[in-house]
Amino acid sequence: MKLILLGPPGAGKGTQARRLVDKHSIPQLSTGDLLRAAIAAGTETGKRVKALMDSGKLVPDEVVNEIVSDRIDQLDCAKGFILDGYPRTLTQADAVEAMLSDRGTHLDAVVELRVDDDAMVERVSGRYTCVNCDQGYHDSLKKPDVEGVCDKCGGGEFKRRPDDNAEAMRTRLQIYYKETSPLIGYYYAKGKLRPVDGMASIDGVSEEIALVLDKI
């Protein structure tokens, strides 16, 4: 099963991807993780990525595409994978189509998490995670059972991303709609788009995704 999770920042793509990983035993491929892994491995591509990032430059599409292409050839992707946060542009989407076609396969579905922008600003502005285990929480939507204590690992230290605030979130949404939202029409035209209600509860979204995948 080869899937793309599509939706704006804060829509819950990462949460749903982790659930799909557990359920279907296929890896989640995040470009951020892949870039960091390439740097850590010290590959030639990783060295290029590090040099670009150290100088404050964006990693070009051809480099990102190369890293993704190499990753999907690894053994744990034999049964499929989940692309989270990639592709972001039409150019990257064309690259995905090409790399899968070259391997004699194709995408099964593109699951779009549809959300309300104002609700996304509120959701992202209040979120934080456990420093030890990365369990996610929210100021109003999901507090730990015991204040100041992580439900999962019992840790007492938490962190917030510096860009998890209303102003930064609105900027990220503008970038998403400019660069990534054209993918909605792209995959609709290919008959791959499967929208779900991203404003439902976490379990509700998971159930909708399960229903979508059952029909593939």
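Table for the structure above
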item: Signed unit charges on C-beta, dipole axis of the chain, positive-most listed residue Ile209, Gly136, Ala78; result: Ala78
item: From phi via Karplus (6.51, -1.76, 1.60), per-residue ³J(HN,Hα) for segment 200-216 in Hz, x at Gly/Pro; result: 5, 5, 4, 5, x, 5, 4, 5, 5, 5, 4, 5, 4, 6, 5, 8, 6
item: Difference of contour (0.36 nm per residue) and Cα-Cα distance, Leu52 to Val131; result: 25.7 nm
item: Gain in span if fully extended, Arg36 to Ile202, counting 0.36 nm per residue against the direct Cα distance; result: 57.0 nm
item: Normalised contact order of the chain, rounded percent, pairs of Cα under 8 Å and 6 or more residues apart; result: 27 percent
item: Counted charge near Phe158, where neighbours are those whose Cβ lies closer than 13 Å (Asp, Glu -1; Lys, Arg +1); result: +1
item: Full-stretch length increase - Ile175, Ala189 - with 0.36 nm per residue and alpha-carbon distance subtracted; result: 2.8 nm
item: Of Ile67, Cys150, Gly104, farthest towards positive along the dipole that unit charges on Lys, Arg, Asp, Glu beta carbons give segment 44-169; result: Cys150
item: Long-range HN-HN contacts of Gln135 with modeled amide H, under 5 Å; result: Cys130
item: Euclidean distance between Cα centres, segment 74-94 to segment 114-155, Å; result: 27 Å
item: Hz values of 3J(HN,Hα) by residue in segment 35-51 - Karplus curve (6.51, -1.76, 1.60), Gly and Pro given as x; result: 5, 5, 5, 5, 5, 5, 6, x, 5, 4, 5, x, 5, 5, 4, 4, 4
item: 5 angstrom amide H check on Ala109, placed H, neighbours 5+ away; result: Lys2, Ile4
item: Burial ranking of peptide ranges 132-142, 175-185 (average Cβ count within 10 Å, highest at the top); result: 175-185, 132-142
item: Translational D in µm²/s for the chain (Stokes-Einstein at 10 °C, 1.306 mPa s, Kirkwood Rh from C-alpha pairs); result: 86 µm²/s
item: Cα convex hull of segment 1-49, projected area averaged across orientations, nm²; result: 4.3 nm²
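Taken together, the values in this text are just the output of simple stated rules run on the coordinates, not laboratory data. Given the structure is predicted, the values throughout are model-derived calculations rather than measurements. Note: ideal-geometry Cβ built from the backbone for every residue, glycine included; neighbour counts use all protein chains shown.
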